[in-house]
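The next block holds one structure in the form of structure tokens; read it before the comments.
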């Protein structure tokens with residue numbers, strides 16, 4: 001086993017990362033190592049160890065230098081998925097600075113190791129487009145491609161989107177300057193909002209749509225776009241980018257861009273007969289505007305009203321061989337998984353996905 005190429009997955013307990021780990025271990029071609037903040041914390045690492053007994057865990061924190069040299073030692077490939085949380089602090093630099101520094105920290109360790117052939121960096125569609133928030137210079141019907149960049153200096157660009165953009169730019173600049181044995185290839189992955197089933201009870205920020213709708217945290221639904229991609233496609237794309245992807249490329253991962261009301265109708269049809277009360281009524285614009293006076297999240301949603309973004313995913317299909325999973329399958333698998341993991345309460349009348357399909 002020691003002769004197998006070593007693949008590092010940073011932030012190994014994360015939602016996408018667990019799916020990447022699962023594929024890598026199933027292929028039995030690699031020795032897989034994962035980073036967590038504290039590998040000695042038995043309580044936090046036990047679920048990950050139980051799910052993947054073969055996974056080697058090491059301690060490494062994006063905010064600290066300690067541990068990264070050891071984590072990358074001997075690695076051939078590095079999947080950098082660890083990231084800071086989705087948030088929009090008052091001071092944008094509170095999110096931007098650690099995002100950039102954390103990315104550089106990992107890449108510096110990769111360069112010093114001298115064995116790394118390729119790094120696959122998980123960025124976000126937010127570094128390519130934030131719709132009208134960070135791409136004011138683009139027409140409404142613009143089809144976004146990997147050549148597009150969000151403008152992080154825009155006054156309307158939220159902190160999270162800016163942090164993803166600055167961090168990725170820093171990564172490309174870092175790799176461009178490398179020479180000799182320190183040189184490695186870089187590929188970046190840009191998923192839309194990530195839906196899909198969980199391996200561990202760790203969610204994506206995008207799962208908040210399911211939690212909000214299925215627990216009826218609002219009685220009406222804003223008519224905003226919800227671009228998404230299934231986590232199973234994201235993880236497959238990661239592994240494909242490791243060996244099949246083209247060095248120096250940015251890959252957009254995208255399935256569809258339904259409205260939140262479309263998602264609500266799909267969930268209502270499936271779950272309302274089973275005891276849930278998924279809202280489908282349209283939220284008045286004035287109602288949402290009032291919410292912006294009290295909530296930063298409502299302000300972001302309000303700015304997205306009427307925003308529609310389309311992306312070119314030809315490279316995802318052609319280079320990585322990914323045909324994206326559609327909305328209905330992804331939505332049902334997401335919702336049932338969230339319920340099974342206890343993140344969304346289970347109603348007495350709920351049937352398992354398998355029994356529902358047998359009817």
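Are any residues in region 224-251 surrounded by 18 or more Cβ atoms within 10 Å (Cβ to Cβ), out of contact with any helix residue (DSSP H, G or I) (no Cβ under 6 Å at 6 or more places or on another chain) and closer than 16 Å to residue 315 by Cβ, and if so, which ones?
229, 233, 236, 237, 240, 241, 242, 245, 250
Being touching a helix residue (DSSP H, G or I) at 6+ places or on another chain (Cβ under 9 Å) and either at pLDDT below 95 or assigned to a helix (DSSP H, G or I) (or both) is the filter here; which residues of region 255-273 pass it?
So in region 255-273, the residues touching a helix residue (DSSP H, G or I) at 6+ places or on another chain (Cβ under 9 Å) come out as 255-256, 258, 260, 262-264, 266-268, 270-271.
Once the filter is applied, which keeps residues that are touching a helix residue (DSSP H, G or I) at 6+ places or on another chain (Cβ under 9 Å) and either at pLDDT below 95 or assigned to a helix (DSSP H, G or I) (or both), region 255-273 yields 256, 258, 260, 262, 263, 264, 266, 267, 268, 270, 271.
Can you go through 179, 161 and tell me which one is at pLDDT below 95, under 16 Å from residue 84 (Cβ atoms) and in the same structural domain as residue 100 (by TED's automatic domain parsing)?
Numbers: 179 fails: under 16 Å from residue 84 (Cβ atoms).
From the options 179, 161, the qualifying one is 161.
Residues that are more than 20 Å from the chain's Cα centre (by Cα) and without any contact (Cβ under 8 Å) to a residue 40 or more places away in the chain: find the strands (runs of 3 or more DSSP E) completely inside region 1-87 holding 2 or more of those.
Numbers: elements: 6-10, 31-36, 56-59, 75-80.
By residue number, 31-36, 56-59.
For residue 164, work out the one condition from (1) under 16 Å from the mean Cα position of the chain (by Cα); (2) without any contact (Cβ under 8 Å) to a residue 12 or more places away in the chain it doesn't fulfil.
(2)
Could you say whether any residue in region 170-189 is within 21 Å of the chain's Cα centre (by Cα) and free of Cβ contacts under 8 Å to residues at least 40 places away in the same chain? Walk me through how you get there before you give the answer.
Step one: filter region 170-189 for residues within 21 Å of the chain's Cα centre (by Cα), giving 170-172, 186-189.
Checking which are free of Cβ contacts under 8 Å to residues at least 40 places away in the same chain leaves us with 172.
Yes, because at least one residue in region 170-189 is within 21 Å of the chain's Cα centre (by Cα) and free of Cβ contacts under 8 Å to residues at least 40 places away in the same chain.
Is one or more of the residues making up region 182-194 modelled with pLDDT under 90, under 28 Å from residue 319 (Cβ atoms) and touching a strand residue (DSSP E or B) at 6+ places or on another chain (Cβ under 7 Å)? Lay out the reasoning, then the answer.
Looking only at region 182-194, we keep the residues that are modelled with pLDDT under 90, and these are none.
Checking region 182-194: not a single residue is modelled with pLDDT under 90, under 28 Å from residue 319 (Cβ atoms) and touching a strand residue (DSSP E or B) at 6+ places or on another chain (Cβ under 7 Å).
Being touching a helix residue (DSSP H, G or I) at 6+ places or on another chain (Cβ under 6 Å), outside any loop (DSSP other than H, G, I, E, B), closer than 19 Å to residue 193 by Cα and modelled with pLDDT under 95 narrows it down to one of 302, 336, so name that one. Give the steps one after another, and end with the answer.
Working: 336 fails: modelled with pLDDT under 95.
Criteria check complete, one pass: 302.
Within region 176-192, is there a residue that is touching a helix residue (DSSP H, G or I) at 6+ places or on another chain (Cβ under 7 Å), assigned to a helix (DSSP H, G or I) and surrounded by fewer than 22 Cβ atoms within 10 Å (Cβ to Cβ)?
Within region 176-192, the first condition is being touching a helix residue (DSSP H, G or I) at 6+ places or on another chain (Cβ under 7 Å), and the residues that meet it are 178, 182, 184, 186-192.
Narrowing further to those that are assigned to a helix (DSSP H, G or I): 182.
Okay, now just the ones that are also surrounded by fewer than 22 Cβ atoms within 10 Å (Cβ to Cβ), so 182.
Yes, some residue in region 176-192 is touching a helix residue (DSSP H, G or I) at 6+ places or on another chain (Cβ under 7 Å), assigned to a helix (DSSP H, G or I) and surrounded by fewer than 22 Cβ atoms within 10 Å (Cβ to Cβ).
So, in region 93-117, how many residues would count as being buried (at least 18 other Cβ atoms within 10 Å of the Cβ) and in contact (Cβ under 8 Å) with a residue 60 or more places away in the chain?
Total satisfying the criteria: 11.
So residue 209 ticks every box in (1) buried (at least 17 other Cβ atoms within 10 Å of the Cβ); (2) over 17 Å from residue 344 (Cβ atoms) but one. Which box is left unticked?
Failing condition for residue 209: (2).
Please work out if residue 321 is farther than 27 Å from residue 271 by Cβ and either surrounded by 14 or more Cβ atoms within 10 Å (Cβ to Cβ) or at pLDDT 80 or above (or both). Steps first, answer last, please.
Numbers: farther than 27 Å from residue 271 by Cβ: yes; either surrounded by 14 or more Cβ atoms within 10 Å (Cβ to Cβ) or at pLDDT 80 or above (or both): yes.
Against the criterion (farther than 27 Å from residue 271 by Cβ and either surrounded by 14 or more Cβ atoms within 10 Å (Cβ to Cβ) or at pLDDT 80 or above (or both)), residue 321 qualifies.
Determine, yes or no, whether residue 198 is over 29 Å from residue 76 (Cβ atoms), at pLDDT 95 or above and either in a loop (DSSP other than H, G, I, E, B) or out of contact with any strand residue (DSSP E or B) (no Cβ under 6 Å at 6 or more places or on another chain) (or both). Lay out the reasoning, then the answer.
Details: over 29 Å from residue 76 (Cβ atoms): no; at pLDDT 95 or above: yes; either in a loop (DSSP other than H, G, I, E, B) or out of contact with any strand residue (DSSP E or B) (no Cβ under 6 Å at 6 or more places or on another chain) (or both): yes.
No; evaluated as a whole, the condition is false for this residue.
Pick from region 118-140 the residues that are at pLDDT 95 or above and surrounded by fewer than 24 Cβ atoms within 10 Å (Cβ to Cβ): which of them is nearest to residue 77 (Cα to Cα)?
Looking at the filtered set, the residue picked out is 118.
Pick from 238, 207: which is at pLDDT below 95, under 23 Å from residue 121 (Cα atoms) and not in a loop (DSSP other than H, G, I, E, B)? Talk me through it step by step, then tell me what you get.
Details: 238 fails: at pLDDT below 95.
That would be 207, the only listed residue that is at pLDDT below 95, under 23 Å from residue 121 (Cα atoms) and not in a loop (DSSP other than H, G, I, E, B).
The values are calculated or read from the model by the stated rules, or taken from the named source; none is laboratory data. The shown structure was predicted, so the numbers you read here are calculated from the model rather than taken from an experiment. With ideal geometry, Cβ positions are generated from the backbone for all residues, glycine too; neighbour counts draw on all protein chains shown.
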